[in-house]
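Structure, as structure tokens:
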Amino acid sequence: MSSSLASSAATKPSSNTAKGESSAPTFAIIGAGLAGCTLARQLAEAGCHVDLFEKSRGTGGRLASCRIGNETADLGASWLEWEAKSTAHNLPFQDWLSEQEAAGHLHLWQPITQNFQREAQPERRRYVGHNRLSALTRSLIDHANIQLHSEVRIESVIPKIGAQGNRLLLTDTSHQELGKFDQVIVATPAPQAAPLLKAEPALQALAQQVQPDACWTLVLGFETPLSTPIELFEGEHPILRRVVRDSRKPGRHPAEDVWVIQARADWSLQMVDDEKEHVQKDLEHAFHQLLQSQPKADNARCHRWLYSTCTSLNLDSGFLHDPQTGLSVCGDWLAGFGFEASWQSAMALSHTLLSELKR
Ligand SMILES: Cc1cc2nc3c(=O)[nH]c(=O)nc-3n(C[C@H](O)[C@H](O)[C@H](O)COP(=O)(O)OP(=O)(O)OC[C@H]3O[C@@H](n4cnc5c(N)ncnc54)[C@H](O)[C@@H]3O)c2cc1C
């Protein structure tokens with residue numbers, strides 16, 4: 001693991017220090033989810049130096065994990081996979097997943113699956129991270145040209161015109177200046193991107209059109225494994241979207257039997273402002289009904305995602321980029337649905353930024 005991962009709010013952006021008078025363009029990415037980390041890796045491999053700002057302690061964003069008792073569980077997306085139908089469009093994503101598997105960053109998981117009516121379901125190729133899904137984003141930014149500044153929430157992106165041309169100034173929530181950059185890429189969910197796009201009202205208006213889905217998620221840990229052989233339930237249910245036996249993912253050897261229960265988007269929206277305890281009770285009840293009276297969990301953790309998946313602008317380009325100011329935006333909400341769209345968006349933007357550099 002590179003030492004850059006240990007960096008924190010106190011770390012100075014490299015563009016203003018190590019690079020000094022260098023004329024190489026300076027890049028800042030806001031958000032260390034799949035989109036931000038994929039883009040950072042592409043730029044870094046092309047020789048660019050990247051400062052990556054993340055408000056949370058770790059990377060992964062909506063691929064985050066959580067602690068449950070002494071174990072870890074995937075709290076966000078449960079795995080990565082490509083769209084059921086294989087097209088020329090998603091071929092690069094399939095190839096990339098296979099490369100990550102070959103490099104040991106992802107494992108193939110083909111869980112024993114039933115729908116909520118308890119009928120067996122066909123196998124699909126799902127990829128999970130080593131110990132947790134966010135291990136993937138950590139491996140992506142393990143590069144000497146990437147400096148992560150974790151626990152830094154960017155408050156504003158301000159255009160500055162100076163002797164060196166147009167640059168973008170980043171400030172944090174305590175109004176501290178974090179440096180001026182030639183290119184700033186916002187790689188956050190749309191509602192978090194909108195305030196950062198104030199300087200470009202047309203881009204901001206696009207971000208404001210996007211509707212995020214909420215997702216209540218309950219993680220349960222059992223010291224004694226449950227008696228069912230099933231590892232995944234999904235399909236039609238009035239409350240549940242998916243029930244995942246996280247502890248059965250390959251590469252994990254937890255002492256507890258850990259289950260992640262995701263609620264449907266419409267139910268989550270209906271319950272969005274409800275007490276956590278109330279939501280937990282409803283989800284636990286649905287889980288116990290599904291598995292027909294199992295013991296009470298030894299550990300439980302309930303989390304409300306305000307942004308899980310979202311509507312998409314489905315732009316042909318897959319990203320937003322203003323070559324005049326150097327401000328760009330990438331993420332799932334620009335390119336389609338979910339993690340595949342985040343990856344596609346970041347890859348497409350990296351090609352544009354790198355071809356501009358060559359010119
Ligand atoms: C419970 C759940 C289930 C899901 N299931 C699926 C699924 O089945 N299929 C699918 O395709 N997708 C699914 N998704 C969606 C998928 O996880 C996302 O589409 C994808 O991970 C988004 O990646 P991203 O990099 O675009 O954004 P994110 O992962 O949201 O990354 C953005 C990052 O920006 C950071 N950030 C935000 N604002 C700031 C700021 N001001 N300063 C600094 N940092 C900031 C955030 O902390 C975050 O780390 C699911 C998500 C959740 C939560």
Given the criteria small (Gly, Ala, Ser) and open to solvent by 30 Å² or more (accessible area, probe 1.4 Å), does Ser317 qualify?
yes
How do the pairs read when you match residues in the range 267-293 that are over 16 Å from Val244 (Cα atoms) and assigned to a helix (DSSP H, G or I) with residues anywhere that are modelled with pLDDT of 95 or more and of a type in the set (Gly, Ala, Ser), using Cβ under 6 Å and keeping only pairs 6 or more apart or on different chains?
Ser268/Ala214; Leu269/Ala214
Is it true that some residue in the range 139-155 is touching a strand residue (DSSP E or B) at 6+ places or on another chain (Cβ under 7 Å), modelled with pLDDT of 95 or more, open to solvent by 50 Å² or more (accessible area, probe 1.4 Å) and assigned to a loop (DSSP other than H, G, I, E, B)?
yes
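Just name the residue that is nearest to the ligand (Cβ to nearest atom) out of those in the range 42-61 that are surrounded by fewer than 23 Cβ atoms within 10 Å (Cβ to Cβ) and part of a helix (DSSP H, G or I).
Checking each candidate, the answer is Gln42.
Do we have Asp172 as acidic (Asp, Glu), more than 20 Å from Ile29 (Cβ to Cβ) and touching a residue at least 40 places away in the same chain (Cβ under 8 Å) here?
The answer is no for Asp172.
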Of the residues in the range 12-41, how many are part of a helix (DSSP H, G or I) and either more than 14 Å from the ligand (Cβ to nearest atom) or modelled with pLDDT under 95 (or both)?
3
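Let's see how each residue does on (1) more than 25 Å from Leu269 (Cβ to Cβ); (2) among the charged types (D, E, K, R):
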{"residue": "Ala163", "(1), (2)": "yes, no"}
{"residue": "Thr171", "(1), (2)": "yes, no"}
{"residue": "Ala199", "(1), (2)": "yes, no"}
{"residue": "Leu203", "(1), (2)": "yes, no"}
{"residue": "Pro212", "(1), (2)": "no, no"}
{"residue": "Cys215", "(1), (2)": "no, no"}
{"residue": "Gly221", "(1), (2)": "yes, no"}
{"residue": "Ile230", "(1), (2)": "yes, no"}
{"residue": "Arg248", "(1), (2)": "yes, yes"}
State whether the residues of the range 79-90 include one that is under 22 Å from Thr309 (Cα atoms), among the basic types (Lys, Arg) and touching a residue at least 24 places away in the same chain (Cβ under 8 Å).
no
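May I ask you to verify whether Asp182 is closer than 29 Å to Leu320 by Cβ and among the charged types (D, E, K, R)?
Details: closer than 29 Å to Leu320 by Cβ: yes; among the charged types (D, E, K, R): yes.
It is true that Asp182 is closer than 29 Å to Leu320 by Cβ and among the charged types (D, E, K, R).
Only residues that are more than 8 Å from the ligand (Cβ to nearest atom) and either open to solvent by less than 10 Å² (accessible area, probe 1.4 Å) or assigned to a strand (DSSP E or B) (or both): list them for the range 63-78, please.
The first filter runs over the range 63-78 and keeps only residues more than 8 Å from the ligand (Cβ to nearest atom), leaving 65-74.
Across the range 63-78, the qualifying residues are Ser65, Cys66, Arg67, Ile68, Glu71, Thr72, Ala73, Asp74.
Matching residues to (1) open to solvent by 30 Å² or more (accessible area, probe 1.4 Å); (2) at pLDDT 95 or above; (3) not in a strand (DSSP E or B):
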residue	(1), (2), (3)
Arg124	yes, no, yes
Asn131	yes, no, yes
Thr137	no, yes, yes
Leu168	no, yes, no
Ala193	no, yes, yes
From the option list Leu349, Leu354, single residue qualifying as away from the ligand (no atom under 12 Å from the Cβ), open to solvent by less than 60 Å² (accessible area, probe 1.4 Å) and not aromatic (Phe, Trp, Tyr) is Leu354
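Scan the range 198-227 residue by residue and report those that are more than 20 Å from the chain's Cα centre (by Cα) and either open to solvent by 70 Å² or more (accessible area, probe 1.4 Å) or within 11 Å of the ligand (Cβ to nearest atom) (or both).
Within the range 198-227, Lys198, Pro201, Ala202, Gln209, Glu223, Thr224, Pro225, Ser227 qualify.
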Residue that is farthest from the ligand (Cβ to nearest atom), among those in the range 172-187 that are open to solvent by less than 20 Å² (accessible area, probe 1.4 Å) and within 20 Å of Cys330 (Cα to Cα)
Phe181
Going through the range 323-345 one residue at a time, which ones are over 12 Å from the mean Cα position of the chain (by Cα), open to solvent by less than 10 Å² (accessible area, probe 1.4 Å) and small (Gly, Ala, Ser)?
Gly326, Ser328, Ser345
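The values are calculated or read from the model by the stated rules, or taken from the named source; none is laboratory data. What you see is a predicted model, and the numbers here were worked out from it, not measured in a lab. We place every Cβ from the backbone using ideal geometry, glycine too, and count neighbours over all the protein chains shown. All accessible areas refer to the heavy atoms of the entire protein, side chains included, with ligands and DNA or RNA removed. Shrake-Rupley method; radii C 1.70, N 1.55, O 1.52, S 1.80 Å.
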